[in-house]
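Peer 1: Sharing a structure here in structure tokens format.
Throughout, read-outs are computed from the coordinates displayed, never taken from laboratory work. The structure displayed is predicted, hence computed values, not measured ones. For neighbour counting, all protein chains shown are included, and Cβ atoms are generated from backbone atoms with ideal geometry for every residue, glycine included.
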């Protein structure tokens, strides 16, 4: 991106009618490692590319459970993402306490978007540098949304954000019409194929990707590395009996909801994978 | 998550406050005035009810929920108003009935109107059901009680959503529960025993109405603040229907009533 004259603070318009700071924030999302989401009539699957900043560290946590029926995948400044997920969890818990029913995901997404918009209109704030893919349920079924630093939100059948997400998007664009009627297993395999596109040269393994699923009657679950590896193996073999074995395992794992490390990201606290978050190239 | 001290979770001051920016939320609460006044003068906030309604009864039947109440507004021991609507449709699948202070009931219905409108404005296929509203009212009543400024009512909330029938009660101190049959006030002592004996699963509309009328008749005989002008409301998945007021057939032609003081000591 060229150096622009009107980009010093977020409350200055450029003569071309743009807010450059907001666009730089969206750029931070594009620099983060990929996050992918897709949905069917009954399930939503989120998948992430996990990058560790060195061999010694563990990878950034990008999948967060917000409530039993809502979860997110993020790309960009994961520290900002942690703050937003704390806000989202708080809203869900408060809604549940007042109304004893789950907060519809569409309403939560609007609240997050409004919160992000505030940061685009105060001179003493900066936009959040994280894009969220929000997967959740409401009375009308499963939904997938994207939240942008700009304060916009969109609903998708399938989408990908972050670096090398275009490769994943191309795969999703080819296949998304068949997603609605997919079973959970098929949907996860589609997600893993999309992750594979983003990884390009690297081998797909449970160490460099993460998958989470939420569905009607099934709470949000982040797959542990064993289940994830089973799905990945089934991709390579492409056999139906593998799929059947997975279904049986899923029944057992569905009851186990992974304990979230509440303190947030494990390992190194750098924002966008590899790059420093303030490295805006001139 | 940073440990956040949740001392009291109050529904945001206005149900539609997500539509306002957060530095303008109008507050007009009597407690604000009294709390500032109480810095200078000892002020008591315990209140008393003035115009009150008596029992409200409710039960679940096969098609939904039936709730009944009379239309009396008492002013102490006097039957001051005889055409008071003590039940109101909150949304098209939920009904609220109240005993206790009528003005507080009216304040609650106004609050719920705004809640329902704010919810409908999302226009996203989600809507508040009877369970949501029951819990919301519990929060409201409990938080008012904590401020020593209660809404002097016992509320009955009934409705049907997605085939699930809900019937519950909230008191002025925030005690709340759900059950297949519910009563407030004198109904707890006179009607509930009848319900416990005679309520059964999947009663027809006919059977349910007859059971309610039986209990209401007992209340008319025995509760001094009850009158013989009742309304019965029927809440189903399709909607709420409140009947026009009607009277029950009661029997007063009893021997003991003809000369009531005949055996009273000291009479002549």
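Peer 1: For the range A:39-152, take N as its residue count and report Rg(C-alpha) divided by 2.2 N^0.38 Å.
Peer 2: Working: Rg = 14.7 Å, N = 114, 2.2 N^0.38 = 13.3 Å.
Its radius of gyration relative to the 2.2 N^0.38 Å reference: 1.10.
Peer 1: Would you please calculate the Kirkwood hydrodynamic radius of the range A:20-223 over all C-alpha pairs and express it in Å, rounded to one decimal? Mind showing how you got there, number by number?
Peer 2: Details: mean 1/r = 0.0595 Å⁻¹.
Value: 16.8 Å, from the Cα pair sum.
Peer 1: What order do you get for A:141-147, A:164-170, B:204-210, A:125-131 when each peptide is scored by the mean count of other beta carbon atoms within 10 Å, highest first?
Peer 2: Values: A:141-147: 21.7, A:164-170: 18.9, B:204-210: 15.1, A:125-131: 23.6.
So the peptides A:141-147, A:164-170, B:204-210, A:125-131, ranked by packing, come out A:125-131, A:141-147, A:164-170, B:204-210.
Peer 1: As a footprinting exposure proxy, order B:254, A:192 by other Cβ within 10 Å, with the fewest listed first.
Peer 2: Details: B:254 8, A:192 20.
Sorted ascending by nearby Cβ count, the order is B:254, A:192.
Peer 1: Please compute the Kirkwood hydrodynamic radius of the range A:106-178 from all pairs of different C-alpha atoms, in Å with one decimal.
Peer 2: Working: mean 1/r = 0.0741 Å⁻¹.
Evaluated on the range A:106-178, it is 13.5 Å.
Peer 1: Could you work out, for the range A:1-86, what percent of all Cα-Cα pairs fall into each 10 Å distance bin, beginning at 0 Å and stopping at the bin that holds the largest distance?
Peer 2: Values per bin, smallest distances first: 15, 34, 28, 19, 4.
Peer 1: For residue A:41 and residue A:5 in the same chain, what is the full-extension length gain: residue separation times 0.36 nm, less their Cα-Cα distance, in nm?
Peer 2: Details: separation 36, 0.36 × 36 = 12.96 nm, distance 4.73 nm.
Using 0.36 nm per residue and subtracting the Cα-Cα distance, I get 8.2 nm.
Peer 1: Per the Debye formula with a single identical scatterer at each Cα and no solvent contribution, what log10 I(q)/I(0) holds for the range B:140-243 at q = 0.17, 0.18 Å⁻¹?
Peer 2: Reported log10 I(q)/I(0), two decimals: -0.93, -1.02.
Peer 1: Still on this structure, please answer the following. Take residue B:62, project a point 7 Å from its Cα along the Cβ direction, then tell me which residues of the range B:217-251 have their backbone nitrogen under 17 Å from it.
Peer 2: It comes to B:235-238, nothing else.
Peer 1: Give the distance, in whole Å, between the Cα centre of the range B:54-131 and the Cα centre of the range B:200-257.
Peer 2: What the calculation gives is 17 Å, centre to centre.
Peer 1: For the ranges A:105-114, B:192-201, A:87-96, what's the packing order if you count other beta-carbon atoms within 10 Å of each residue, average per peptide, and put the highest first? Show your work: numbers first, answer last.
Peer 2: Details: A:105-114: 20.6, B:192-201: 13.9, A:87-96: 18.1.
Going from most to least packed, we get A:105-114, A:87-96, B:192-201.
Peer 1: Report the gain in length on full extension from residue B:123 to residue B:200: 0.36 nm times residue separation, minus Cα-Cα distance, nm rounded to one decimal.
Peer 2: Numbers: separation 77, 0.36 × 77 = 27.72 nm, distance 3.82 nm.
Here the answer is 23.9 nm.
Peer 1: If r is the Cβ-Cβ distance from residue B:179 to residue B:221 and R0 is 22 Å, what FRET efficiency results, to the nearest 0.05?
Peer 2: Values: r = 25 Å, r/R0 = 1.12.
With R0 = 22 Å, the Cβ-Cβ based efficiency is 0.35.
Peer 1: Separate question: Can you give the log10 of the normalised intensity I(q)/I(0) at q = 0.10, 0.13, 0.17 Å⁻¹, computed with Debye over equal Cα scatterers of the range B:51-247?
Peer 2: Taking Cα atoms of the range B:51-247 as identical point scatterers yields -0.37, -0.63, -1.09.
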